[in-house]
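The values are calculated or read from the model by the stated rules, or taken from the named source; none is laboratory data. Worth saying up front: this structure is predicted, and the values here are computed from it rather than measured. Neighbour counts run over all protein chains shown; Cβ positions are idealised from the backbone, glycine included.
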Amino acid sequence: MNKILKWAGIVFLAVIVVGFLGFYIWSEQTYSATEQLTKTVHKDDPFIEEKNDWLIFKSEDSNGKGVILYPGAKVEVEAYGYIGKSLSDKGYTVVIPKMPFHIAFLGINEAEKIISEFDENLDWYLSGHSLGGVAAASYTYDHQDEVKGVIFLASYPTNSANFSKSDIPVLSIYAENDGLTTGDDVEKSKKLLPSKAAFHKIDGGNHAGFGVYGPQKGDKKASISVWEQQDEIIQVMDDWMKEN
């Protein structure tokens, strides 16, 4: 009997180890910033800093607002560098946190660390792409006194983060040719958002166009360039945050 229990324990442990190794290998197969993006946004820029596993875009002339952007699953933070740099040029402090195993749900509370780290009296907006948006919504729902507003990028909240009775400002940006977060998904999510939530559809855009990391499995092909989509996202975010 003892031998049976011993071997059962060994088998169980082996299954755990193999499962973890499989998950780790899967999580490390990430989407990285394209070469064109790395040539456009340079890490040696004096207003770009890496600290505490955060990619920080500082503004030369702050407008008093900060944006925390949770990456999509398995997407490297550098892939959102164009959004970060462009918003910082408009006066925003932008922080993109690297998530454990590249999964935002494993780092939901990164926003709390970021907000407490900065001495500036900034109004913070929490944003997230895809699964990162789901995690951002989860944090925002429990910290509505700390967050000025939430911005979904090809994303939406789960039932556990029901904002329908909340007055927190919400912006949802989605794309026409998104093969992963469809227009129907966004439409169904409206019941979980405040009645005054703002929605913006990017005609011709797709899921991967919310970052600059190339094609993504399961996505549809965009009919506009990634730079057109990025510029539209940045403009919509900026206009909305100015009003909220």
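Output the residue which, of all residues in the stretch 199-244 that are among the small types (Gly, Ala, Ser) and within 18 Å of the chain's Cα centre (by Cα), is surrounded by the fewest Cβ atoms within 10 Å (Cβ to Cβ).
Pass one, the stretch 199-244, residues among the small types (Gly, Ala, Ser): 204-205, 208-209, 211, 214, 218, 222-223, 225.
Retained after the next criterion (residues that are within 18 Å of the chain's Cα centre (by Cα)): 205, 208-209, 211, 214.
Working: Gly205: 27, Ala208: 30, Gly209: 27, Gly211: 33, Gly214: 15.
My answer is Gly214.
Please give the number of the condition Ala154 fails out of (1) over 15 Å from the mean Cα position of the chain (by Cα); (2) under 28 Å from Asp184 (Cα atoms); (3) among the aliphatic types (A, V, I, L, M).
(1)
Where in the stretch 1-99 are the helices (runs of 4 or more DSSP H), entirely inside, with at least 1 residues that are over 21 Å from the mean Cα position of the chain (by Cα), at pLDDT 90 or above and exposed (fewer than 14 other Cβ atoms within 10 Å of the Cβ)?
Working: elements: 2-27, 35-40, 81-89.
So the answer is 35-40.
Among the residues of the stretch 100-124, write down those that are in contact with a Ser or Thr (Cβ under 7 Å, 6 or more places away or on another chain), under 19 Å from Gly81 (Cα atoms) and not in a helix (DSSP H, G or I).
Ile103
I'd like to know if the stretch 39-55 contains one or more residues that are touching a Gly at 6+ places or on another chain (Cβ under 6 Å) and farther than 26 Å from Thr158 by Cα.
Kept after step one, since they are touching a Gly at 6+ places or on another chain (Cβ under 6 Å), are these residues of the stretch 39-55: 41.
Then drop every residue that is not farther than 26 Å from Thr158 by Cα, which leaves 41.
Yes, there is a match, as at least one residue in the stretch 39-55 is touching a Gly at 6+ places or on another chain (Cβ under 6 Å) and farther than 26 Å from Thr158 by Cα.
Of (1) surrounded by 21 or more Cβ atoms within 10 Å (Cβ to Cβ); (2) not in a helix (DSSP H, G or I), Tyr139 satisfies all except one. Which?
Tyr139 satisfies every listed condition except (2).
Take Trp227 and decide whether it is at pLDDT 95 or above, out of contact with any Leu (no Cβ under 8 Å at 6 or more places or on another chain) and aromatic (Phe, Trp, Tyr). Quick ask: steps written out before the conclusion?
Working: at pLDDT 95 or above: yes; out of contact with any Leu (no Cβ under 8 Å at 6 or more places or on another chain): yes; aromatic (Phe, Trp, Tyr): yes.
Here the answer is yes, as Trp227 does meet what is asked.
Could you tell me which residue of the stretch 219-244 is nearest to Thr182 (Cα to Cα), considering only residues that are touching a strand residue (DSSP E or B) at 6+ places or on another chain (Cβ under 8 Å), in contact (Cβ under 8 Å) with a residue 60 or more places away in the chain and assigned to a helix (DSSP H, G or I)?
Only one residue tops the list, namely Ile233.
List every residue pair whose Cβ atoms sit under 8 Å apart, with the two residues 6 or more apart in sequence or on different chains, where the first one lies in the stretch 52-76 and is farther than 30 Å from Pro215 by Cβ and touching a residue at least 24 places away in the same chain (Cβ under 8 Å) and the second, anywhere, is of a type in the set (Gly, Ala, Ser) and not in a loop (DSSP other than H, G, I, E, B).
Lys58/Ser88; Ser59/Ser88
Check Asn177, Asn159, Asn206 and return the single one that is out of contact with any Gly (no Cβ under 8 Å at 6 or more places or on another chain) and of a type outside the set (Val, Ile, Thr). Before the answer, list the steps.
Values: Asn177 fails: out of contact with any Gly (no Cβ under 8 Å at 6 or more places or on another chain); Asn206 fails: out of contact with any Gly (no Cβ under 8 Å at 6 or more places or on another chain).
It is Asn159.
All but one of (1) over 26 Å from Phe101 (Cα atoms); (2) outside any helix (DSSP H, G or I); (3) not β-branched (Val, Ile, Thr) hold for Gln216; state the number of the condition that does not hold.
(1)
Could you list, in sequence order, the residues of the stretch 142-152 that are surrounded by 20 or more Cβ atoms within 10 Å (Cβ to Cβ) and either free of Cβ contacts under 8 Å to residues at least 12 places away in the same chain or in a helix (DSSP H, G or I) (or both)?
Going through the stretch 142-152, the residues surrounded by 20 or more Cβ atoms within 10 Å (Cβ to Cβ) turn out to be 147, 149-152.
Matches in the stretch 142-152: none.
Taking the stretch 153-191 as the region of interest, how many residues are exposed (fewer than 14 other Cβ atoms within 10 Å of the Cβ) and assigned to a loop (DSSP other than H, G, I, E, B)?
So the count comes out to 6.
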